[in-house]
């Protein structure tokens, strides 16, 4: 059929050419100019179904921009789509919306480049709307399966070509997505959305922010359900879900390029004394958050940034914080060998002065042993308990004096002055306030012996 079409087209071209040439006089050396192709704005102006879109473009002062060289890909809402928006917003029409309101909405429909329907792929794409946090370009989620949707809006007609790009007609105005909107638009976050709604956090996460959200996929939630021995979200109460979800939220909009290794406070203020529980972020060849891997980064919303992760981040206890940080790996081995994991995973609260690996290696050298394997559980238990104090004592609350430990009431001597904090006049606090769900850790540079 394709060959027949090409042959027919060539025959038609030959006939037209013959007519053209025979109808021209020999002395006529001028050609009738072809009409100039219309740009995106002109195409919209020539189609009555886009009259509201054209009026909005003109009111927002974007006509000259979209008439420029581009190229652009424009998802163009029809008049019916705009009428639906006006009803949703409770306004009578464009007259009730300012240019400042319209501009980011309209730019949210524009992508750089001329992308025809055959080249469209599923994923997140930056729009011309730079009204995101830190003037970042807000993304839209395009899903290409049986058809094409853009943040839930359906492409009803594709590939309306213009001189400076391509138009795809859509049935709904695409408002800039919040981080909640992004989760709703992507089916891979459907369980996360259910959890957010059940925990009553939708309005909070639709707020101004900005937020950085580490978003677990459906697969991540299913792994959690298996771990907890439950069938799904229906088996978890709002009170259980809320601190877990807030444990994935940081203040501020932090792109992957700005992420650094360290401890960061979450929006989960369910720690002792309503303190904000922290997560440990490690950036090396990739990014992990309390051991969960970031598998997709920098999904920009109107009020924050999403990074996709492969595991739900449960609020870390003091033991979990030690497990998540490789600088405490010897401490973890010691706690496991001494059989203290369950005790330190308890409700507490505890204040733990945590020796680093370097601190333990210095101890091994002093004792003349090769490592943890050379020490028995009976030897390790009093040493480890000597580093634990009852209560959640933050750095600002530490004061000079003798403080009882969990080692049979043995006390440590604390000196807190302008130069820092020293324990037993031998060990220095080198990092403070690693807040967990059941206590706080302060890192120290030497193991303190009873």
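Values quoted throughout were computed directly from the atomic coordinates according to the rules given, and no laboratory measurement underlies them. Quantities reported herein were computed from a predicted structural model and do not represent experimental measurements. For neighbour counting, all protein chains shown are included, and Cβ atoms are generated from backbone atoms with ideal geometry for every residue, glycine included.
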Requested in this report: Select from 42, 194, 379 the residue whose mean-square fluctuation is largest in a Gaussian network model of the chain (Cα-Cα springs shorter than 10 Å).
Outcome: 379
Requested in this report: Between residue 118 and residue 251, with labels modelled 7 Å along Cα→Cβ, what's the label distance in nm to one decimal, could you check?
Outcome: 5.3
**Report entry** Rounded FRET efficiency, nearest 0.05, which uses the C-beta distance separating residue 283 from residue 126 and R0 of 25 Å
**Finding:** 0.65
Report task. Arrange the following residues from fewest to most other Cβ atoms within 10 Å of their Cβ: 239, 159. Result -> 239, 159
Requested in this report: Please say if the stretch 180-309 is rounded, prolate or oblate, where rounded means a/c under 1.5 for a ≥ b ≥ c the square roots of the C-alpha gyration tensor eigenvalues, and otherwise the choice is prolate for a/b larger than b/c and oblate otherwise?
Outcome: rounded
Query raised in the report: So what is the relative contact order for the stretch 169-257, in percent, with contacts set as C-alpha pairs under 8 Å and at least six apart?
Result: 35
Query raised in the report: Cα centroid distance between the stretch 198-223 and the stretch 94-172, in Å?
Result: 24
Query raised in the report: Quick one: in the stretch 326-444, what % of C-alpha pairs are over 25 Å apart?
Result: 18
Report summary line: With -39,500 (n - 2.57) per DSSP H segment of 4 or more residues and division by the full residue count of the chain, the 222 nm estimate, nearest 500 deg cm²/dmol, is -9000 deg cm²/dmol
Query raised in the report: In the Gaussian network model of the chain, springs joining C-alpha atoms below 10 Å, which of 404, 210, 315 carries the largest mean-square fluctuation?
Result: 404
**Report entry** Intensity falloff of the chain expressed as log10 I(q)/I(0), Debye formula with alpha-carbon point scatterers, at q = 0.09 Å⁻¹
**Finding:** -0.73
Report summary line: Taking alpha-carbon centroids only, the stretch 280-294 lies from the stretch 322-337 a number of Å equal to 17
Report task. Averaging sequence separations of C-alpha pairs under 8 Å and six or more residues apart, then dividing by the length of the stretch 246-332, give the relative contact order as a whole percent. Result -> 23
Query raised in the report: Kirkwood hydrodynamic radius of the stretch 282-328 from all distinct Cα pairs, in Å?
Result: 11.9
Query - the stretch 292-372 shape via C-alpha gyration tensor axes, a/c threshold 1.5 - result: prolate
**Report entry** Relative contact order for the chain, counting Cα pairs under 8 Å that sit 6 or more residues apart, in percent
**Finding:** 11
Report summary line: Classified through the alpha carbon gyration tensor (a ≥ b ≥ c as square roots of its eigenvalues; rounded if a/c is under 1.5, else prolate when a/b is larger than b/c, else oblate), the stretch 40-176 comes out rounded
Report summary line: Ranked by GNM mean-square fluctuation in the chain (Cα springs under 10 Å), the top entry among 392, 327, 270 is 327
